[in-house]
Amino acid sequence: MKKVHFAGTHRVRHPEETWARLDELRDSFGITRIADVTGLDTLGIPVVAAIRPAARTRPLAYGRGATPLLARISAVMESVELWHAEYACPPAEVLRTPARELALPYDVRALPLPPGSLLSEHTPLDWVIAADLVTGAPVPAPRACVTAGEETGTEWRPPLLRTTAGGLAGGNSYEETVVHALYKLIEQDCAVAPAVAPAPASLAPAGPDATGPVDPAGVDDPLCAEVLARLAAAGVRVTLTRRANRWALPCFSVGLWSKSFPVPVTAVGVHSAPSIALGRALTGAARDRLRALVGDGPATAARARATPPRAARTAGTPAGRVLDWREAAAHAAEFAEFAEDTDEMRWLAGLVTAVTGHRPVAVDLSTETDVRVVKVVAAGLTGPAAGAGPVRLPGERR
């Protein structure tokens with residue numbers, strides 16, 4: 001479908017249309033309340049919570065965005081995604097079969113594994129049917145990677161696969177949803193273990209690849225500039241860094257720190273459009289700081305320190321060298337202009353295949369034709385940080 005909305009995110013429907021449909025459906029997904037929690041912090045950056053009391057995993061989903069409407073859509077869509085992972089996973093079509101007996105386009109041992117996993121290609125697993133995102137062919141995917149929150153009984157089971165929120169996404173069309181699921185996986189990969197090996201030249205965006213600290217004062221994207229202005233007005237120190245990564249995509253990390261709440265919070269954003277990558281990092285950091293304030297986030301008071309963090313410096317960047325926003329944003333300009341979600345999905349699936357050596361697959365969990373939810377299973381990506389434990393499916397939205 002043709003994209004029609006480009007402010008802060010790329011969508012095939014305008015936010016008002018998306019919200020009208022979500023508002024009609026939210027009761028059927030058990031969402032009983034939507035709360036604007038922006039005022040719990042002093043930043044003024046929109047953060048919204050969607051409450052789903054009957055959730056099997058996490059009853060709170062936090063949405064963020066450059067505007068209140070985008071934050072509200074983010075929160076409700078996140079909650080809808082979790083509902084589908086809990087209740088809409090299809091039944092297994094291949095039972096108790098080891099990976100070595102299936103013609104998989106990926107190595108099952110390269111999927112997210114918990115510490116001490118005993119998984120091998122000989123381990124019997126239950127499989128659902130997914131779609132190969134490169135060829136379109138049907139292909140099995142471990143059901144344990146797709147579903148969440150199901151009762152598993154009281155008997156001991158060996159640690160095999162880790163269910164994560166990575167690759168779970170919702171959107172207006174199937175292709176749009178797959179794109180955002182792939183970006184979420186790439187973003188997680190960059191946040192946990194950023195690499196500097198470039199993507200293949202035929203797939204990597206062309207242009208300068210400057211990395212290092214970035215001067216926030218030069219950011220000219222209207223939405224990002226507005227967020228930065230609010231942070232400055234709230235007395236928050238912002239550290240902005242363009243990070244090298246193995247995808248050769250625009251990747252920014254944003255660190256927030258203030259004397260009133262001296263807990264450093266950092267978030268990472270990745271997208272082919274630099275302004276969207278930066279926007280995701282900025283709003284993600286604001287959301288995570290608010291979650292830390294209310295005791296529902298990864299940052300805790302135990303990590304507080306009296307001095308703000310320094311901006312990261314990439315190896316090879318001269319000391320004291322600060323990038324202008326034009327340098328940091330020059331990369332990948334042409335890929336910010338995919339007119340069709342189908343074209344972007346094919347390009348991004350090809351990039352994941354080229355970088356990881358494994359073709360990603362997608363399971364369509366949708367229960368509505370105009371609100372799509374997918375779970376993308378991709379091998380060869382860096383999983384959650386060690387010790388993160390089994391899935392609790394915390395919100396991680398666009």
So which residues in the range 73-87 are buried (at least 23 other Cβ atoms within 10 Å of the Cβ), of a type outside the set (Asp, Glu) and over 20 Å from Ala277 (Cβ atoms), if there are any at all? Ala75, Val76, Ser79, Val80, Leu82, Trp83, His84, Ala85
Which one is modelled with the lowest pLDDT, of the residues in the range 161-175 that are more than 15 Å from Glu78 (Cα to Cα) and either assigned to a helix (DSSP H, G or I) or open to solvent by 10 Å² or more (accessible area, probe 1.4 Å) (or both)? Thr163
Options Ala277, Ala273, Ala244; residue that is open to solvent by 20 Å² or more (accessible area, probe 1.4 Å), over 17 Å from Asp41 (Cα atoms) and among the hydrophobic types (A, V, I, L, M, F, W, C): Ala244
With the requirement that a residue be open to solvent by 50 Å² or more (accessible area, probe 1.4 Å) and part of a loop (DSSP other than H, G, I, E, B), what does the range 108-120 give you? Leu113, Pro115, Gly116, Leu118
Looking at (1) at pLDDT 95 or above; (2) buried (at least 22 other Cβ atoms within 10 Å of the Cβ), find the lone condition where Arg346 falls short. (2)
Tell me which residues, restricted to the range 1-25, are in contact with a helix residue (DSSP H, G or I) (Cβ under 6 Å, 6 or more places away or on another chain) and farther than 14 Å from Ala71 by Cα. Met1, Val12
Residue within the range 3-26 that is farther than 25 Å from Glu175 by Cβ and of a type outside the set (Phe, Trp, Tyr) present: no
Can you find a residue in the range 222-229 that is crowded, with 24+ Cβ neighbours inside 10 Å and either at pLDDT 95 or above or under 30 Å from Gly350 (Cα atoms) (or both)? yes
Residue hits (the range 1-34; at pLDDT 95 or above and small (Gly, Ala, Ser)) are Ala20, Ser28, Gly30
Kindly check whether there is at least one residue in the range 121-133 that is touching a residue at least 24 places away in the same chain (Cβ under 8 Å), of a type in the set (Ser, Thr, Tyr), in contact with a Leu (Cβ under 8 Å, 6 or more places away or on another chain) and part of a loop (DSSP other than H, G, I, E, B). yes
Given (1) outside any strand (DSSP E or B); (2) touching a residue at least 40 places away in the same chain (Cβ under 8 Å); (3) touching a helix residue (DSSP H, G or I) at 6+ places or on another chain (Cβ under 9 Å), number of the condition Ala217 does not satisfy: (2)
Based on what the data block shows, is Ala103 at negative phi, out of contact with any Gly (no Cβ under 6 Å at 6 or more places or on another chain), surrounded by fewer than 23 Cβ atoms within 10 Å (Cβ to Cβ) and modelled with pLDDT under 95? yes
Report whether or not Ala299 is out of contact with any Gly (no Cβ under 6 Å at 6 or more places or on another chain), in a helix (DSSP H, G or I), modelled with pLDDT under 90 and over 16 Å from Val214 (Cα atoms). no
Which condition number does Thr123 fail, the rest of (1) modelled with pLDDT under 95; (2) surrounded by 13 or more Cβ atoms within 10 Å (Cβ to Cβ); (3) hydroxyl-bearing (Ser, Thr, Tyr) being met? (1)
Within the range 46-59, of all residues that are surrounded by fewer than 22 Cβ atoms within 10 Å (Cβ to Cβ) and in contact (Cβ under 8 Å) with a residue 40 or more places away in the chain, the one farthest from His10 (Cα to Cα) is Arg56
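The values are calculated or read from the model by the stated rules, or taken from the named source; none is laboratory data. Owing to the predicted nature of the structure, the values given are computational and were not obtained by experimental measurement. Neighbour counts run over all protein chains shown; Cβ positions are idealised from the backbone, glycine included. To get the accessible areas, we keep the full protein, side chains included, count just its heavy atoms, and leave off ligands, DNA and RNA. Shrake-Rupley method; radii C 1.70, N 1.55, O 1.52, S 1.80 Å.
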